[in-house]
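Each reported figure results from applying straightforward, stated rules to the coordinates on display, with no laboratory input. These figures come from a predicted structure and were not determined experimentally. Here Cβ is always computed from backbone atoms with ideal geometry, including for glycine, and neighbour counts include all displayed protein chains.
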Amino acid sequence: MSKPVVGIIMGSQSDLKIMKEAAEFLEELEVPFELTVVSAHRTPQRMADYASSARGRGLKVIIAGAGGAAHLPGMVASFTTLPVIGVPIKSSNSIDGWDSVLSILQMPSGVPVATVALNGARNAGILAAQILGAESKPLAKKLEAFKTSLRKKVEESFRNIEKKGWKEA
């Protein structure tokens, strides 16, 4: 794979079961990425170094997933001018995921983080690809094909329901 243009980071290895969905989508579209664990609370210097060096290493977007207090996306955004996409994760110590959602969503003025749904790593991968696709015609074409496949799937389902009726579909 080429030099990574998307960084996928998470607060702990337990977040991988969610965050791998972003990696899988990017892999489908052949978007080079790197994936690692960077904890805002347990390895703050590693987090600062990762975010500060991201642009110089060729990254164009960072996807940061975190559960609980979920400071990782916002703290990363404070160290870089790259777009940061936050993925709130419902973790074992979470308050139904709301703590993660609000921690990532409620950023102060000047430090924006794009926030996807709870456990929405796949959407974070899609959003990262769309950001990159604004400058890449080949990637934009792949995204158009992806969106077309979504439309076709829905069209197939409503045709199936209309043909068989709601009880048999």
Subject >> Unmet criterion (only one of (1) under 20 Å from the mean Cα position of the chain (by Cα); (2) assigned to a loop (DSSP other than H, G, I, E, B); (3) farther than 19 Å from L16 by Cα) for A169 >> reply: (1)
Original post:
Does M107 qualify as being touching a residue at least 24 places away in the same chain (Cβ under 8 Å) and closer than 16 Å to V38 by Cα?
Top reply: no
**OP:** Scan the range 1-46 residue by residue and report those that are closer than 18 Å to I85 by Cα and hydroxyl-bearing (S, T, Y).
**Re:** S12, T36, S39
Subject >> Sole exception among (1) within 19 Å of K3 (Cα to Cα); (2) touching a Pro at 6+ places or on another chain (Cβ under 9 Å) for G67, by number >> reply: (1)
